[in-house]
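Right, one structure below, let's go through it.
Values quoted throughout were computed directly from the atomic coordinates according to the rules given, and no laboratory measurement underlies them. Not measured: the values here are computed from a predicted model. All Cβ positions, glycine included, derive from the backbone under ideal geometry; neighbour counts span all protein chains shown.
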Amino acid sequence: MKINGEKVSGSDIIEVVVFPRQTGNIVFKARVVLNFDTFEMLCPEPEPPVNVFPTGEVKKQVLDPTYIEARDTWAERRTNWLILESIKATPNLEWETVVADDPKTWGNFQTELTESGFSGVEITRLIGCVISVCGLDQEKIDKATKDFLATAAETRKE
């Protein structure tokens, strides 16, 4: 897709969060995640069990406790994967206990951050940065609209 002759791409959207330290600032970069194919390959979405009635009716059992637990685990892994995938934009970031193709290890990033001296507030700020770059909040929409209208008004004056 193009707008005004330019190809539209969201893959270059990056936000930065900086944590001050006496030994020097620690900078994390978060990039928008546009493709979940890798996640879906590693963690297919769980399916609820079904009941097949004598009439042929098939009913999904979405309240099945085993399914709910599997769905919760899947959702948690999806969130962890999104965070890790986004902050891959940080140069030279290495994990000791997080393995890219092992979903059971993805949540370890929080433990590693804590053990590296990041506070709960800082970890929340990093996660917030990922959510911000991967989402679109009203504040961003309002700013973009204001900038557009200001530019459009200047163009009309000329």
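What's the extension gain from LYS146 to ASP72 if we count 0.36 nm per residue and subtract their Cα-Cα distance?
Contour length minus the Cα-Cα distance gives 22.7 nm.
Using +1 at the C-beta of Lys and Arg and -1 at the C-beta of Asp and Glu, which of GLY128, PRO91, VAL52 has the Cα lying farthest in the positive direction of the dipole of the stretch 52-158?
Checked the options; the winner is VAL52.
If you average the sequence gap of Cα pairs under 8 Å that are 6 or more apart and divide by the length of the chain, what percent do you get for the contact order?
Across the chain, relative contact order equals 23 percent.
What's the extension gain from MET41 to GLU122 if we count 0.36 nm per residue and subtract their Cα-Cα distance?
Here the segment from MET41 to GLU122 would lengthen by 26.1 nm.
Kyte-Doolittle mean at least 1.0 and Cα extent at least 15 Å along the axis: which DSSP H helices of the chain qualify?
Long hydrophobic helices here: 120-134.
Using a 7 Å offset from the Cα along the Cα-to-Cβ direction at both LEU63 and VAL27, what is the distance between the two label points in nm, to one decimal?
Spacing of the two 7 Å Cα→Cβ label points: 5.3 nm.
Taking every Cα atom in the chain, find the radius of gyration and the maximum pairwise distance Dmax, and write them in Å.
Computed over the Cα atoms of the chain, radius of gyration and Dmax are 21.3, 75 Å.
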